[in-house]
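**Student:** Supplied in structure tokens, the structure appears directly below.
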Amino acid sequence: MQVAELAQVPPRSGLTAAEVADRVARGLVNDVPSAPTRTIGEIVRANLFTRFNLLLGSLLAVILVVGPLQDALFGLVIVANTVVGIVQEVRAKRTLDHLEVVNAPKATVVRDGRVEELAVGQVVLDDVLEAAAGDQVVVDGEVLEAGGLEVDESLLTGESEPVSRQEGDRVLSGSFVVAGAGRYRATRVGREAYAVQLTEEARRFTLASSELRAGVDQILKYVTWALVPTAALLFISQLRQDNGPRSGLSGAVAGTVAMVPEGLVLLTSVAFAVGVVRLGRRQVLVRELPAVETLARVDVVCFDKTGTITVGDLAVQELVPQDGAADEAAAALGALAAADPNPNATLRAIGEAFPAPDGWRPETVVPFSSARKWSGATFAGRGAYLLGAPEVLLHEGQLLRRAEAIATAGGRVVLLAHSERPMDGDTPPDGLAARAMVVIGDQVRDDAAATVAWFAEEGVRVKVVSGDHPRTVAAIAGRVGIEGAGDPVDARTLPTDQAQLADLVEARSVFGRVVPQQKRAMVGALGARGHVVAMTGDGVNDVLALKDADLGIAMGSGSAASRAVAELVLMDGRFATLPAVMAEGRRVIANVERVAKVFVTKTVYATVLALAVGLAGLAFPFLPRHLTLISSLTIGIPGFFLALEPNTQRSKPGFVRRTLAFAVPAGLAAALATLVAYQLADVENVSTDQARTTATLTLAGLGLVVLALAARPLNPLRRLLLVGMAGAFVVVLVVPWLRAFFALSLPPLPVALAALGLVVVLGAALALVVVRLRV
């Protein structure tokens with residue numbers, strides 16, 4: 001266990017260079033483990049040693065012994081699947097690693113009397129660190145100095161109320177500062193600190209914990225249960241055929257290979273990985289891959305006004321003094337801005353407008369807190385001055401009504417109040433009197449209206465959740481076209497009952513004077529109503545809601561605490577990036593579902609064919625190369641293109657149900673058409689090659705029908721893809737050496753027409769079923 005090396009560490013000067021070097025030499029460094037993304041070797045092994053590669057590799061070995069080389073073409077699928085999977089995951093890993101370096105947390109450290117910013121991994125035991133509002137505590141420590149220091153430990157304890165920290169108190173890594181500032185000494189670093197566990201969890205490259213992955217695993221479980229007994233039955237039946245053991249083994253391998261949806265897992269992984277790479281190019285850091293899936297399901301987006309629909313560059317527009325006390329008000333405002341060592345955006349704007357006066361010595365400073373909605377200071381011989389929301393510091397009067405009018409016009413108003421009595425902790429002193437109102441303005445982003453319009457068109461509801469005056473928020477929301485902006489809600493009137501809160505949040509769009517705990521409750525209320533909620537934020541007041549939302553999205557320019565708990569970080573901090581981010585999530589999930597339908601259809605018809613052939617004791621109607629040709633042109637190649645195509649359809653729960661509802665009837669239709677066509681050819685006493693070609697023509701035709709149904713709606717690119725796959729199959733039929741390579745022999749015209757009729761009839765029936773089932 002690490003212990004303090006020094007009894008006392010000077011909080012003003014910190015450790016010396018020699019003391020730092022000594023600790024580094026002894027390994028007392030905050031050696032944060034590297035992000036647990038998979039190494040290149042682990043990626044190669046994970047993609048190479050899969051259950052499908054093992055199964056298909058065994059069948060490949062059998063074919064290489066008993067069959068011609070052409071029947072081993074499915075071995076190329078193993079190679080392609082493995083190579084593509086490795087390449088895409090390596091690209092995704094490099095993208096994540098690069099963005100993690102850019103977004104790596106920093107620590108403000110005091111050494112040799114100088115304040116410097118270092119990587120968290122360079123902190124040593126006993127280092128003196130600074131922390132201000134918005135900063136995350138990066139190592140466990142002991143407070144050396146505190147100025148109104150309030151820490152939120154909700155990530156560690158679940159307690160949402162901030163706790164005050166004084167000199168000598170303990171602070172834990174993983175907590176964050178919500179108000180005030182202070183310095184603390186590192187008492188636990190490296191693997192012993194909480195932050196390591198949080199960082200590892202936040203930076204993990206994983207494909208786990210998602211409905212889509214769970215659905216794919218469930219489908220694969222069904223396939224595994226069906227595959228073993230069906231394959232055994234097929235092997236036994238084919239070995240009993242009169243064509244000899246070589247032909248029987250070849251047919252058995254063909255049937256078994258077709259049952260394996262080998263590309264489904266690959267394309268799912270590729271779609272996720274490509275999504276990460278594309279989002280990375282847009283300067284979006286994806287901390288967990290399931291976040292890409294959640295993007296596709298989001299139907300409500302909650303965000304603050306400042307920094308999202310507005311630029312966030314606040315400036316004082318007007319000073320409205322009370323009783324002509326303009327000089328006093330200007331001096332007090334400048335003094336308040338100078339007294340706070342870590343001013344927020346409002347105080348910074350006031351400090352730029354009003355210079356600090358001489359002779360104003362602060363005795364007590366209370367920093368701004370989003371929960372209090374005010375800040376203040378007691379000045380020697382001048383009493384206490386407070387700056388905050390007018391309706392919090394005043395409860396009635398003409399000034400309050402005027403503040404309401406300014407807020408209605410879109411201005412942001414803060415009130416300067418004075419009391420002769422000094423402040424006592426977090427409670428405003430008695431005898432407060434208004435001195436002035438400060439009107440602060442912000443500029444609406446040029447692209448905010450277009451972003452809001454996109455959300456409306458795509459069926460995503462927006463909720464503006466702000467700490468500002470409801471009328472101010474409503475005015476800004478109205479400018480960018482948010483529906484319901486004219487009817488804002490004052491969060492101080494929000495019900496505490498969960499059901500009533502859910503009703504209100506469901507019905508209204510604009511909320512002002514919201515405190516952090518209310519943001520969290522509102523996100524929970526929306527989630528309880530079945531909504532998938534994305535919360536965007538950049539400040540410490542957003543952290544609780546970011547953590548509880550289905551998808552937390554932090555701004556790259558925001559606080560370290562907000563970035564630490566979010567699943568996505570918009571590195572460029574642009575609200576207008578969200579539509580593209582959500583569209584990428586929709587593309588990934590909708591395309592994976594579409595591709596899954598065709599892959600599982602192949603598994604269904606292969607299983608039905610194997611069972612029918614095995615139970616009836618018939619010869620299997622295909623050689624392995626036939627099924628390789630069919631699956632390549634109707635599933636593998638088009639599936640790859642469909643998995644990467646643009647798609648903005650919002651995903652909904654029920655992936656497995658919809659996939660099976662499509663694949664089961666489609667697979668049954670394909671298997672039925674194939675068996676009937678093969679038997680018709682057999683009745684006509686055509687050769688074995690011609691009968692197999694008839695079955696191949698029929699299954700390929702139904703495969704193209706299934707592909708067309710899965711690719712709906714058919715845009716020009718998808719039509720071109722279908723025509724291209726059909727054309728490729730025709731080329732194989734008409735080019736002699738290709739026809740010979742795939743052992744195809746065209747049947748007599750009546751048999752070919754009968755096969756075509758089966759495709760038309762069963763294809764039309766399947767289309768009606770799919771349309772009726774709405775899958």
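**Student:** For E483 paired with R772, estimate the spin-label separation in nm (one decimal), with each label point 7 Å from Cα along the Cα-to-Cβ line.
**Tutor:** 3.4
**Student:** Sticking with this one: Could you work out, for segment 514-634, what percent of all Cα-Cα pairs fall into each 5 Å distance bin, beginning at 0 Å and stopping at the bin that holds the largest distance?
**Tutor:** Whole-percent P(r) values from 0 Å outward: 2, 10, 13, 13, 11, 8, 6, 5, 7, 7, 7, 6, 3, 1, 0.
**Student:** On a straight-distance basis, which lysines could pair with K463 in a cross-link, Cα separation under 20 angstrom, same-chain partners fewer than 8 positions away excluded?
**Tutor:** Partners found: K305, K519, K547.
**Student:** Explain nothing, just the number: relative contact order of the chain, from Cα pairs under 8 Å at least 6 residues apart, as a whole percent. Don't skip to the end; give the middle numbers.
**Tutor:** Values: 1512 pairs, mean separation 102.4, N = 775.
The value is 13 percent.
**Student:** List the residues whose amide H sits under 5 Å from the amide H of R435, counting only those 5 or more places along or on another chain, with H placed 1.01 Å from N in the peptide plane.
**Tutor:** HN-HN under 5 Å from R435: L416, A417, H418.
**Student:** What accessible area per residue, rounded to a whole number of Å², is obtained for segment 266-390 using a probe radius of 1.4 Å? Don't skip to the answer; put the middle values down first.
**Tutor:** Details: 4280 Å² over 125 residues.
Accessible surface, normalised per residue, equals 34 Å².
**Student:** For the chain, what is the Kirkwood hydrodynamic radius in Å, using each pair of distinct C-alpha atoms? Write out the running numbers ahead of the final one.
**Tutor:** Details: mean 1/r = 0.0333 Å⁻¹.
In the chain this quantity evaluates to 30.0 Å.
**Student:** Please identify the longest segment of the chain free of exposed trypsin sites (Lys or Arg not before Pro), where exposed means a DSSP state other than H, G, I, E or B and no more than 12 other Cβ atoms within 10 Å. Spell out each step's value before the answer.
**Tutor:** Working: sites that count: R12, R26, R240, R774.
That gives 241-773 as the longest site-free run.
**Student:** While we're on this one: Would you calculate the convex hull of the Cα atoms in segment 331-419 and tell me its volume per residue in Å³? Each step should come with its number before you reach the end.
**Tutor:** Working: hull volume 8.9 nm³, N = 89.
Roughly 100 Å³ of hull volume per residue.
**Student:** Okay, next question. Which whole DSSP H helices in the chain pass both tests: a Cα extent of 20 Å or more along the axis and a mean Kyte-Doolittle value no lower than -0.5?
**Tutor:** Numbers: long enough: 51-66 (23 Å, 2.21); 74-102 (43 Å, 0.85); 211-239 (41 Å, 0.88); 245-259 (21 Å, 0.66); 262-281 (30 Å, 1.37); 577-616 (59 Å, 0.96); 655-683 (42 Å, 1.27); 688-710 (32 Å, 1.06); 716-734 (26 Å, 1.94); 749-773 (36 Å, 2.55).
Helices meeting the criterion: 51-66, 74-102, 211-239, 245-259, 262-281, 577-616, 655-683, 688-710, 716-734, 749-773.
**Student:** Quick check: residue separation of R191 and Q398 times 0.36 nm, minus the Cα distance between them. What number comes out in nm? Provide the component values of the computation, followed by the final result.
**Tutor:** Values: separation 207, 0.36 × 207 = 74.52 nm, distance 5.82 nm.
Between R191 and Q398, full extension yields an extra 68.7 nm.
**Student:** Can you tell me the length gained on complete extension of the stretch R281 to L738, counting 0.36 nm per residue apart and subtracting the Cα distance?
**Tutor:** On the way: separation 457, 0.36 × 457 = 164.52 nm, distance 4.20 nm.
That works out to 160.3 nm of additional length.
**Student:** Percent antiparallel among DSSP beta bridges with both residues in the chain, to the nearest 5?
**Tutor:** Details: 64 of 84 bridges.
Among the beta bridges of the chain, antiparallel pairing accounts for roughly 75 percent.
**Student:** Give me the base-10 log of I(q)/I(0) for segment 460-579 at each q in 0.12, 0.19, 0.23 Å⁻¹, Debye formula, one uniform scatterer per Cα, rounded to two decimals.
**Tutor:** -0.40, -1.05, -1.44
**Student:** For W374, which sequence-distant residues (separation of 5 or more, or a different chain) have an amide H within less than 5 Å of its own amide H, given hydrogens modelled in the peptide plane?
**Tutor:** Close amide H contacts, sequence-distant or interchain: S369.
**Student:** What does the charge count near W360 come to, summing +1 for each Lys or Arg and -1 for each Asp or Glu among other residues with Cβ under 12 Å from its Cβ? Spell out each step's value before the answer.
**Tutor:** Numbers: positive: R361, R382; negative: E328, D358, E363.
So the environment of W360 carries a net charge of -1.
**Student:** May I ask for the percentage of alpha-carbon pairs in segment 405-534 that lie more than 20 Å from each other? Kindly include the intermediate steps, with their values, before the conclusion.
**Tutor:** On the way: 4560 of 8385 pairs.
The calculated P(r) of segment 405-534 puts 54 percent of pairs beyond 20 Å.
**Student:** Using only helices, what value at 222 nm comes out for the chain when you add -39,500 (n - 2.57) per DSSP H run of length 4 or more and divide by the total residues, to the nearest 500 deg cm²/dmol? Numbers along the way, then the final one.
**Tutor:** Details: 28 runs with 398 residues, N = 775.
When only DSSP H runs of four or more count, the value is -16500 deg cm²/dmol.
**Student:** What is the distance, in nm, between label points placed 7 Å from the Cα along the Cα-to-Cβ direction at F49 and at Q649?
**Tutor:** A separation of 3.9 nm, rounded to one decimal place.
**Student:** Please give, to one decimal in nm, the separation of the simple spin-label points placed at A232 and A449, each 7 Å out from Cα toward the Cβ.
**Tutor:** Here the answer is 7.0 nm between the modelled labels.
**Student:** Apply the a/c threshold of 1.5 to the C-alpha gyration tensor of segment 714-772 and tell me whether it is rounded, prolate or oblate. The partial results should precede the final answer.
**Tutor:** Numbers: a/c = 3.42, a/b = 1.36, b/c = 2.52.
Since a/c reaches 1.5 but b/c is at least a/b, the shape of segment 714-772 is classed as oblate.
**Student:** For segment 355-405, what is one quarter of the convex hull surface built on the Cα atoms, given in nm²? Could you put the intermediate results ahead of the total?
**Tutor:** Values: hull surface 19.2 nm².
With the hull built on Cα positions only, its mean projection is 4.8 nm².
**Student:** Then there's this: What lysines sit close enough to K602 to cross-link, taking a C-alpha to C-alpha distance under 29 Å and skipping anything fewer than 8 places away on the same chain?
**Tutor:** Correct list for K602: K221, K652.
**Student:** What does the charge count around G527 come to, taking other residues whose C-beta lies under 14 Å from its C-beta (Lys +1, Arg +1, Asp -1, Glu -1)? Walk me through the intermediate numbers first.
**Tutor:** Numbers: positive: R297, R461, K463, K519, R520, R529, K547; negative: D299, E506, D548, D550.
Overall, the nearby charge balance is +3.
**Student:** I need the calculated FRET efficiency for the pair K221 and A25, taking r as the beta carbon distance and R₀ as 56 Å, to the nearest 0.05. Kindly include the intermediate steps, with their values, before the conclusion.
**Tutor:** Numbers: r = 54 Å, r/R0 = 0.96.
With R0 = 56 Å, the Cβ-Cβ based efficiency is 0.55.
**Student:** Considering only protein heavy atoms and a probe of 1.4 Å, how much of the accessible area of the chain is carbon and sulfur, as a whole percent? Don't skip to the end; give the middle numbers.
**Tutor:** Details: 17810 of 31360 Å².
Of all accessible area on the chain, carbon and sulfur atoms account for 57 percent.
**Student:** Further question: At a Cα cut-off below 17 Å, give the aspartates and glutamates reachable from K597, other chains included and same-chain residues fewer than 8 away excluded.
**Tutor:** Those aspartates and glutamates meeting the cut-off are E211, D217, E262, E645.
**Student:** Right, here's the next one. Can you pull a Stokes-Einstein diffusion coefficient for segment 322-377 at 4 °C (1.567 mPa s), Rh from Kirkwood over Cα pairs, as a whole number of µm²/s?
**Tutor:** Values: Rh = 11.6 Å.
Reported coefficient: 111 µm²/s.
**Student:** Over all alpha-carbon pairs in segment 656-746, figure out the percentage whose distance exceeds 16 Å.
**Tutor:** On the way: 2541 of 4095 pairs.
In whole percent, the share of Cα-Cα pairs in segment 656-746 beyond 16 Å is 62.
**Student:** When N counts the residues of segment 579-674, how does its alpha-carbon radius of gyration compare numerically with 2.2 N^0.38 Å, as a ratio? Could you put the intermediate results ahead of the total?
**Tutor:** Values: Rg = 16.0 Å, N = 96, 2.2 N^0.38 = 12.5 Å.
Cα Rg divided by the expected 2.2 N^0.38 Å: 1.28.
**Student:** Please work out how much length the chain gains when fully extended from R712 to Q166, using 0.36 nm per residue of separation minus the C-alpha to C-alpha distance, in nm with one decimal. Before the final figure, lay out each step's value.
**Tutor:** Numbers: separation 546, 0.36 × 546 = 196.56 nm, distance 6.35 nm.
Extra length available between R712 and Q166 comes to 190.2 nm.
The values are calculated or read from the model by the stated rules, or taken from the named source; none is laboratory data. Nothing here was measured: the structure is a model prediction, and the numbers come from that model. A quick note on method: Cβ atoms are made from the backbone with ideal geometry, for glycine too, and the neighbour counts reach across all protein chains shown. Accessible surface is based on the protein model in full, side chains and every heavy atom, while ligands, DNA and RNA are left aside. Shrake-Rupley method; radii C 1.70, N 1.55, O 1.52, S 1.80 Å.
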